[in-house]
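Trainee: Below you'll find the structure I mean.
The values are calculated or read from the model by the stated rules, or taken from the named source; none is laboratory data. Computed from a predicted structure; not experimentally measured. When we count neighbours, we look across all protein chains shown, and the Cβ atoms used for this are built from the backbone with ideal geometry, even at glycine.
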Amino acid sequence: MGGISKLAVAVSPAMVVFISTVAISLALKSPEGLFLAHSREHILARFLLITAIFAVSVEALPKFLPSIAVWLRRKRFFGQLVKAKPAHGTDFSKTITWMIRPLQGIGLSMIFAQRLLNLFEVSAGASYVSILLRPTLFMVSTALVALLLSVVWTLDDLGGRIYNEKTGEVHMTGSTIGVVLPIVFGALGLYSLFQISSPAIALVTVIEIAMVLYPPYVLLAVIHHRLVSVRGAKLESELRLRSIETRVL
């Protein structure tokens, strides 16, 4: 029962926001277009679809992580990938799970903000290819975002760090990739929204997108935390990172 109660607490913010969206749609007589959905059923279906994609992506992580780690060690885009002492390890953190990581996901997804507005819109003369293409692209992009975040989060949780050999500085992977990319992508997404609509409408749209994406991203963070907690030792051994002792920035 203890495990179930901890899980209930972990997912509670996601459930509160999701139930709020459903409650608001039920309170309105014409919910079409609210929270980027055509109907109340669409809100539930989209939530379940995104959550399912996230769960599959996290479960696929152990198969891809060793190859990704080898690739990162060779490329050294931001520096050398090494191992340091984890800042928080596999301990559950409300701040990280409920705020930081969902915001990272929402920031990355904002690059698709304009696409989210018309993703499920289908005109009367649309071909079957066009009907299937947009949901397919959405699922693929959602899986890629989830996999990218899962890799970054895993490296952070297991002590993977970016080491600059010239300066001797060591940075958390999340502070490099997990912050820079969401900020850049989020800014581009916001810019595209404000270009196609008035500031008031764009602001409402941003709030709607955040309420739509926040619950699945909290669940993604919870599922990922569960994976690292259970299989962290195996994942750490497969990363094969060189240990280094220095101050993490």
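Trainee: Among the candidates Val129, Val151, Val170, Val145, which residue alone is farther than 28 Å from Leu203 by Cβ and at pLDDT 85 or above?
Mentor: The conditions single out Val151.
Trainee: Considering every residue within the range 217-238, establish whether at least one is in contact with a Gly (Cβ under 7 Å, 6 or more places away or on another chain), modelled with pLDDT of 90 or more and buried (at least 20 other Cβ atoms within 10 Å of the Cβ).
Mentor: Yes, some residue in the range 217-238 is in contact with a Gly (Cβ under 7 Å, 6 or more places away or on another chain), modelled with pLDDT of 90 or more and buried (at least 20 other Cβ atoms within 10 Å of the Cβ).
Trainee: Right, here's the next one. Applying the selection to the range 151-200, what residues are within 28 Å of Leu61 (Cβ to Cβ) and either among the hydroxyl-bearing types (Ser, Thr, Tyr) or touching an Asp or Glu at 6+ places or on another chain (Cβ under 8 Å) (or both)?
Mentor: Answer for the range 151-200, where residues must be within 28 Å of Leu61 (Cβ to Cβ) and either among the hydroxyl-bearing types (Ser, Thr, Tyr) or touching an Asp or Glu at 6+ places or on another chain (Cβ under 8 Å) (or both): Thr154, Leu158, Gly159, Tyr163, Met172, Thr173, Gly174, Ser175, Thr176, Gly178.
Trainee: Let me ask something additional. Quick one: count up the residues across the range 1-59 that are of a type in the set (Asp, Glu), out of contact with any His (no Cβ under 8 Å at 6 or more places or on another chain) and at pLDDT below 90.
Mentor: The number of residues fulfilling the criteria is 1.
Trainee: On to the next question. Identify, by number, the condition in (1) of a type in the set (Gly, Ala, Ser); (2) modelled with pLDDT under 80; (3) over 25 Å from Val16 (Cβ atoms) that Gly189 doesn't meet.
Mentor: (3)
Trainee: Are there any pairs with C-beta distances below 8 angstrom linking a residue in the range 190-205 that is without any contact (Cβ under 8 Å) to a residue 60 or more places away in the chain to a residue that is of a type outside the set (A, V, I, L, M), with the two at least 6 apart or on different chains, and if so which?
Mentor: Pairs found: Ser197/Thr205; Ala202/Phe194.
Trainee: Right, something else. Name the one entry in Val184, Val151, Val228 that is under 19 Å from Gly105 (Cβ atoms) and within 13 Å of the chain's Cα centre (by Cα).
Mentor: Val151
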